[in-house]
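*Asks:* Sharing a structure here in structure tokens format.
The values are calculated or read from the model by the stated rules, or taken from the named source; none is laboratory data. As the structure is a computational prediction, the values presented were derived from the model and not from experiment. Positions of Cβ are backbone-derived with ideal geometry, glycine not excepted, and every protein chain shown enters the neighbour counts. Protein only, heavy atoms only, side chains kept; ligands, DNA and RNA dropped before computing areas. Shrake-Rupley method; radii C 1.70, N 1.55, O 1.52, S 1.80 Å.
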Amino acid sequence: MTELRLLDGCTAITEAALTAGCRFFAGYPMSPFTGLLEAMSRRMPEENGTCMNAESEIEAVNMVLGAAAAGARAATGSCGQGIALMQEAIAEMALNQTPAVVFNMARNQQDYFQCTRGGGWGDYRTLTLAPKDVPEAVEHTQLLFWLAERYRMPVILYGDPILAQTQVAVRIEPRDHGPLPPRDWVLDGSSGGTGRSRQVWTWAMGKATDPGPGPDRHWRAIAEKFSEVAAAEQRSESYRTEDADTIVVAFGTAALFVAHVVDELRARGLRVGLFRPVTLWPFPSVALAAATRRATRVLVFELNAGQMLDDVRQYVHDRDTVAFIGGVSIHESGLAFGPLLDAGPIRERILSASEGTR
Amino acid sequence: MGILEREVILCGIGGQGIQLIGKALALAATKAGRYAMLAADYGGEMRGGPSQASVVIGDAPLRSLPILASSAAAVLMHHKFSAFARERLRPDGLLLLNTSIVTDTVAGETAHQGRVVGLPVTAMARELGAPQSAGFIMLGAYAGLTGVVTAAGLETAMRSLLPPYRAQHGDANARAIAAGLAEVSSL
Amino acid sequence: MTIDTSAPPPGADQVAAARPDLILGDHGLCPGCGEPVALRLLLEVLQELEIVNRTIGVVGHGCYGSFVQIMDVDVLQCLHGRAPSCATGIKRVRPSAVVFTLQGDGDMVNEGLQEVLHTAARGENVTCVLLNNGVFGDTGGQQTATTVIGQRTKTSLAGRDPATHGYPIPVADLVASLSGVAYVARGAVSTPAAVTRTKKLLRKAFEHQLAGDGFGLVEVLTMCPTGWFVPAADGPDYLTGSMEAAYPLGELPLRSAMGGGV
């Protein structure tokens, strides 16, 4: 077993990515993503990889697209504002089937919509994992490089300033997630002039001598691929939900806080539990419906004006049980979460939502 | 929250070395094969602004929150910016005060119910000829009172954290740790 | 001595097999378009340098975008303007590959101006090829950043007027002013002589890439009679009379060659 190392989230994610074979990273500084760019800058040359401080977010993601199309395990990231700039390229990678990992280190709110609805064009989804703490971020990072290549698509690790900056003793061990499909799509130049040269293109029309499926069949096939992913890759954690009459739904760092409050309230005799989506997309609809079958109330806690709320309402066993107990809460600096992300306020919201109902 | 995890909130103002002692503590625990978490919080100013480090140490993967709901201990190197640490300290927790700066009247409106240990570490550090080592005296005292890490572990961690231009402080900081440990050994 | 012309001489089929035509099919572009000529020159250069089996092309968006179907080269069709960034990623992870971009003026000088300038300044060892016809052909003939003064387009119907539309951007001059750049040249495909010279410019650019000298840009002025509202046969003269005046042909002097560094 490898030793424990005290690492902040950005450094831990970097080490995890390197053990997963990531050798190309490009990014543009923006907090709290900057620590990840800096850690990659330090470590990539040590592992014979490349870290580019790109001149813009759009350039960063397109460098990654190129590197990935040429066969490298490649990643980029930013915080929400920069991820917004990358939407076209993320859609492009989904539709031209280029694997890449995108680190969305959100700044001061939980950007659920950005990860799950996206802002690119066409029929695509972005598989997103939302770790609750640094040790889980390590596992998720390694898994995401595998998933990206398994399904040939861009995927997201969702983080925030607390994940980025908290230092935790973790072990970073290489992990084998299983066999991957053959890499017969990689552009390496070697089939040039053979009559069977390769093409990476969203329209997939192929070559005059070797036609491809074309946009209609290609995009329908990709939509089917996303349906397969939706069925196969839902992940969640049900914590103390079996006999709960109140279930709180939360993801990421917010879920860590809710779990703590669940323990506090259980010690007081309240039957409360936590349902934690681990994949934001595909949303764990099957597990949510099962976990909430006997719940009297389903309380959605997220640090925004209500985004995951829509998916909870859509997939919960009984939508009349759903109430929103989250909210917008921003630190005065604009660079971190506000006072709502704290055990006390969360406990008060759960308690007052539990009083005088049913 | 459980007995498997022990929390401490270290707070003071920028320039008192709060971040360094917080990291030394977390690193010493990690090197000893224990699970640790360090949540640092500080303002932009190099001197005089708030500086706080929450450290949790345990023997299993930690469940404590990065913003602690409550803490087993609080270390106040200064009374300024200490409201969070005082509020989160559990009634039966350990309160360590740098009495060179923090007096009873500024420690808080209500007296702490649990154990209070006051050490004039700023003055002690000056007497040791190393004013910058006050935080390490306090850290040695904390280690002595709780046993979460050894003095040797703290010293090794401290030396590994000093940037090259501060390496000359290593010996003084080591003496400070020992002084803090000695000061509480009779308590 | 009589020569038997009933069949090719022995060995001719082996030569043909050794030099396969890298053009896989017909292009669908307008009569009089200069872009297919530029494509053929590019592919001939790759073949003559014997590098096609380690070349990766990055093609932008424009009429030439369809070339991804007829070029027997490993190719990435990328987002408008972003080809130099994609090329950067490819070259950094496959330094022994030969990497080029193929972009129109709308792609490189409108949407992608910062991409090409940043890539050039970084001295990325790739070759960017600009097909400059001063118009957005693929979308029907709108003004671009290289449309010359007086040129009529669908968004400058009375002709480009500086007071309303500002001035064209000579991107080759901008690139030549940056350190990290190894080669910048302008050619045209409007006359046989120009075609011959342009092929030499392209060859030199790729030779610089093979030598690891840094960034290269070859701008090729191409006819677009449809976008210029002129008959196909008048394309070459229109090019010479309008585009060449704004974009003089030849190899551009480089800042780096003059010893200018920052």
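*Asks:* Under 1.5 on a/c is rounded, so check that first for chain C, then, if it is not, pick prolate when a/b is larger than b/c and oblate when it is not; a ≥ b ≥ c are the square roots of the alpha carbon gyration tensor eigenvalues.
*Replies:* Verdict is oblate for chain C.
*Asks:* Rolling a 1.4 angstrom probe over the protein heavy atoms, how many square angstrom per residue are accessible across chain A?
*Replies:* Result: 36 Å² of accessible area for each residue.
*Asks:* Does chain A come out rounded, prolate or oblate, given a ≥ b ≥ c as the square roots of the eigenvalues of its C-alpha gyration tensor, rounded meaning a/c under 1.5 and, failing that, prolate meaning a/b above b/c?
*Replies:* Since a/c reaches 1.5 and a/b is larger than b/c, the shape of chain A is classed as prolate.
*Asks:* Compute the signed sum of charges (Lys and Arg +1, Asp and Glu -1) over the other residues within less than 11 Å, Cβ to Cβ, of A:Y112.
*Replies:* -3
*Asks:* Rolling a 1.4 Å sphere over the protein heavy atoms, what is the accessible area per residue of chain C, to the nearest Å²?
*Replies:* Value returned for chain C: 40 Å² of accessible area per residue.
*Asks:* Only four residue types carry charge here, +1 at the Cβ of Lys and Arg and -1 at the Cβ of Asp and Glu. Report the dipole size of the range C:21-251 about the Cα centre in Debye, rounded to the nearest 20.
*Replies:* My answer is approximately 320 debye.
*Asks:* With the crude spin-label approximation of a point 7 Å out along Cα→Cβ, what separation in nm comes out for A:W121 versus A:E332?
*Replies:* Reported label-point gap for A:W121 and A:E332 is 4.5 nm.
*Asks:* Calculated FRET efficiency, B:R47 and B:V116, Cβ-Cβ r, R0 30 Å, to nearest 0.05?
*Replies:* Efficiency, rounded to the nearest 0.05: 0.60.
*Asks:* Which net charge results when you count Lys and Arg as +1 and Asp and Glu as -1 among the other residues whose beta-carbon is under 11 Å from that of A:M52?
*Replies:* Summing Lys and Arg as +1 and Asp and Glu as -1 gives -1.
*Asks:* Could you list, in their original order, any pairs among A:K207/C:K154; A:K132/C:K91; C:K91/C:K200; C:K91/C:K204 whose Cα atoms are separated by more than 25 Å?
*Replies:* A:K207/C:K154; A:K132/C:K91
*Asks:* Have a look at C:I51, C:G150, C:G212 and report the one farthest towards the positive end of the charge dipole of chain C, computed about the Cα centre with Cβ charges (Lys/Arg +1, Asp/Glu -1).
*Replies:* C:G212
*Asks:* Give the aspartates and glutamates whose C-alpha is closer than 20 Å to that of B:K80, dropping any in the same chain fewer than 8 places away, or say none.
*Replies:* Answer for B:K80, where 20 Å is the Cα cut-off: A:E332, B:D41, B:E45, B:D104, B:E109, listed by chain and number.
*Asks:* Test of the criteria: in the range A:1-76, which GluC sites (Glu not before Pro) are in a DSSP loop and have at most 15 other Cβ atoms within 10 angstrom of their Cβ?
*Replies:* A:E3
*Asks:* Could you check what % of the DSSP bridge pairs in chain C are antiparallel, to the nearest 5?
*Replies:* Percentage antiparallel, nearest 5: 15.
*Asks:* Let me ask something else. What is the sum of charges around A:M153, taking Lys and Arg as +1, Asp and Glu as -1, for the other residues whose C-beta is under 10 Å from the C-beta of A:M153?
*Replies:* Result for the neighbourhood of A:M153: +3.
*Asks:* Sort the range A:236-354 into rounded, prolate or oblate with this rule: let a ≥ b ≥ c be the square roots of the eigenvalues of the Cα gyration tensor; rounded if a/c is under 1.5, and if a/c is not under 1.5, prolate when a/b is larger than b/c, oblate otherwise.
*Replies:* oblate
*Asks:* In the range C:173-262, what trypsin sites (Lys or Arg not before Pro) fall in a loop by DSSP, with at most 10 other Cβ atoms inside 10 Å?
*Replies:* Of the trypsin sites (Lys or Arg not before Pro), not one in the loops of the range C:173-262 has a Cβ with at most 10 other Cβ atoms within 10 Å.
*Asks:* Still on this structure, I have one more. Would you work out which of C:A120, C:A193, A:A291 lies farthest towards the positive end of the dipole of the protein assembly as shown, given +1 charges on the beta-carbon of Lys and Arg and -1 on that of Asp and Glu, about the Cα centre?
*Replies:* Of the listed residues, the answer is A:A291.
*Asks:* Can you give me the solvent accessible area of A:K225 with a 1.4 Å probe, rounded to the nearest 10 Å²?
*Replies:* A:K225 exposes around 30 Å² with every protein chain in place.
*Asks:* Here's a follow-up. Placing unit charges on C-beta atoms (Lys and Arg positive, Asp and Glu negative, everything else neutral), compute the dipole magnitude of the protein assembly as shown about its Cα centre in debye, rounded to 20.
*Replies:* 1300 debye
*Asks:* Just going by the charge dipole of the range C:21-251, with Lys and Arg at +1 and Asp and Glu at -1 on Cβ, which of C:S179, C:G227, C:C78 is farthest out on the positive end?
*Replies:* Value computed over the given set: C:S179.
*Asks:* Which of B:Y142, B:Y165, B:Y42 moves the most in a Gaussian network model of chain B with Cα springs under 10 Å?
*Replies:* The residue that fluctuates most here is B:Y165.
*Asks:* Tell me the total accessible area that B and A bury against each other, 1.4 angstrom probe, in square angstrom rounded to 100.
*Replies:* Looking at B and A, the buried total is near 1700 Å².
*Asks:* So if R0 is 41 Å, what FRET efficiency would C:A163 and C:A233 give, r being the distance between their Cβ atoms, rounded to the nearest 0.05?
*Replies:* Efficiency computed from Cβ-Cβ geometry: 0.80.
*Asks:* Moving on. Using a probe of 1.4 angstrom, how much of the accessible area of the range B:8-83 is carbon and sulfur, in percent?
*Replies:* Carbon plus sulfur share of accessible area: 56 percent.
*Asks:* Same structure, new question: Relative contact order, percent, of the range A:236-354 when contacts are C-alpha pairs under 8 Å separated by at least 6 residues?
*Replies:* Result for the range A:236-354 is 27 percent.
*Asks:* What's the total accessible area buried between chains C and A, using a 1.4 Å probe, rounded to the nearest 100 Å²?
*Replies:* 3000 Å²
*Asks:* Using a loss threshold of 50 Å², tell me which positions in the range B:26-43 are less accessible in the complex than in their chain alone. Probe radius 1.4 Å, ligands and nucleic acids ignored.
*Replies:* B:T30, B:Y35, B:L38
*Asks:* Could you give me the radius of gyration and the Dmax of the range B:5-184, taking only the C-alpha atoms into account and expressing both in angstrom?
*Replies:* Using the Cα atoms of the range B:5-184, the pair Rg, Dmax is 14.8, 43 Å.
*Asks:* Dipole size in debye (nearest 20) for the range A:236-354 around its Cα centre, Lys and Arg Cβ +1, Asp and Glu Cβ -1?
*Replies:* 280 debye
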